[in-house]
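Visitor: Handing you this structure, nothing more for now.
The values are calculated or read from the model by the stated rules, or taken from the named source; none is laboratory data. Model, not experiment: these values are computed from the prediction. Note that each Cβ is placed from the backbone with ideal geometry, even for glycine, and that neighbours are counted across all protein chains shown. The accessibility values were calculated without ligands, DNA or RNA, using every heavy atom of the protein model including side chains. Shrake-Rupley method; radii C 1.70, N 1.55, O 1.52, S 1.80 Å.
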Amino acid sequence: MPLSWLLTSIDYAFAEQKLRGGSIHINCPFPEPLYGGEDKTVFADYLANVGAWQASSDCFSGYTENRLKDFAQDSKLLNLAARKGVIVVGSVRLAEAKQALALASHLGWPVLCDPQSGVSERWQRYDIWLQNKTASDALAQADFILQVGSRLVSKRLLSWIDHQVEAGCEYVLLAPVLDRLNPSHLRQKQLCVNIKDWLSAALNTLPQSQYSGWAEALIDAPNAVRSKLLSTPHLTEFDVARSIETLPNSVDLFIGNSLIVRLVDMLTSMPAIETYSNRGASGIDGLVATAAGVQKGSERSLVLYIGDTSLLYDMNSLALFSHADKPCVIVVTNNDGGAIFDMLPAPSEQKSQYYQMPHGYQFHHAAAQFGLHYHAPQDKSELESAVAHHLSQGEGTLLLEVTTQPHEVGEMIRQLGQSVANDFNYGQ
């Protein structure tokens, strides 16, 4: 384990103790030999990424709670108006996401919006354009990252944050409760606050940043990505992900795990819509049931985007949508198994049998079993019109099954990434 893991674990343990009391037991197994006389140079790499912390008097990762009353102090310590910053918006409610956009606009900073936020801005599709070195280097001028909410989808964005913090960039996370939201064990300040109130105070207090507009050249990047999207005569998973852009903001959206949420992150401009997900260790288990619970709680129409394997894992939960009191739509992409494993380093000998697990099923009988309406659109226009018509005039739940070629999407993602990485420069 890296030393940063130990430091963040200790900092979190003391923050928990301060909040809840109790004792702390720390067990740190160290490899032999540690008897003296050994070559200490072997520890140089172990200490390399904590040099700046060693020279300071701060905790490696700090936690503060209920600081709204001390916002002026937060503002002074963070000194946002003098920073060349980036705002990252994670999994938050729509109202909080909109306030984060307003703060970014006020400061003149770029903002990178995770699809779980339900919003987008001019720097969208970063998971693709960060593969372009010129663009990545341009964004790397940032010396401050303010992350609003947690559990980001894009591994490329997480990797960029890791690199920035290791290079000395200050990293502050706004979260509603004390939690371990630091997967890479970075040097971080976590402010446990009411996000909406904190952002409101920031909007009313902070002046415009002296570096306002510093990343304006990067706004060409998302358009460049969009211009390179391949046009096909048949429905693809790219089309499914981008159909979210046509949803009315009067409904709720639930994005399933696995490939669909990554495609939305790569390709889609979110239409300012209340968005839910079930990210975390549960993987693809229980996504239909969770979405049904969200719809029951919100009492609004809901659109669920889900993959075929995810639906097979939770198919009995379609019963929960049988008597939906508002028009709901389930869009399932059927690529005959786990197409995401074309993008992951699964061993090629076992990839099909143990990872992708092709099944050969379709879902029209499942829809009939649970009393759901069913349709299988053949093109992007038919998909979008079927969703819109059911939400505006339908009753109950409509299951839309989009059948795609199993290995097509992986190749499309690779081609798009290579094209963006190699074919143009921007951000200068």
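Visitor: For the stretch 247-310 and the stretch 122-179, what is the centre-to-centre distance using only Cα atoms, to the nearest Å?
Guide: 23 Å
Visitor: Separate question: Under 37 °C and 0.692 mPa s, how fast does the stretch 274-318 diffuse according to Stokes-Einstein, given a Kirkwood radius computed over C-alpha pairs? Answer in µm²/s, whole number. Don't skip to the answer; put the middle values down first.
Guide: Details: Rh = 10.9 Å.
Approximately 300 µm²/s, per Stokes-Einstein.
Visitor: On to the next question. Tell me, what is the 1.4 Å probe accessible area of H364, in Å² to the nearest 10?
Guide: 70 Å²
Visitor: Provide H375, H389 ordered by accessible surface of protein heavy atoms (probe 1.4 Å), highest first.
Guide: Output order, biggest surface exposure first: H389, H375.
Visitor: Which value, in Å² rounded to 10, gives the accessible area of C59 with a 1.4 Å probe and all protein chains present?
Guide: Accessible surface of C59 is approximately 80 Å².
Visitor: Another question about this same structure. Whole Å is fine, so just give me how far the alpha carbon centre of the stretch 359-428 lies from that of the stretch 191-227.
Guide: First find each Cα centre; the distance between them is then 32 Å.
Visitor: For the pair H234 and A13, what calculated FRET efficiency results from E = 1/(1 + (r/R0)^6), where r is the Cβ-Cβ distance and R0 = 60 Å, to the nearest 0.05?
Guide: 0.65
Visitor: How big is the accessible area of V288 in square angstrom, nearest 10, if you roll a 1.4 angstrom probe over the protein chains?
Guide: Its accessible surface works out to 0 Å², give or take rounding.
Visitor: By accessible area of protein heavy atoms, probe 1.4 Å, what ranking do Y361, Y12, Y211 get, highest first?
Guide: Y361, Y211, Y12
Visitor: Regarding the stretch 123-258, what are the three Cα extents along the principal axes, ordered largest first, in Å?
Guide: Result, largest extent first: 50, 37, 31 Å.
Visitor: Please report the carbon-and-sulfur percent of the accessible area for the stretch 188-267; probe 1.4 Å, protein heavy atoms only, DNA, RNA and ligands left out. Intermediate values should be presented prior to the final figure.
Guide: Values: 1350 of 3030 Å².
Of all accessible area on the stretch 188-267, carbon and sulfur atoms account for 45 percent.
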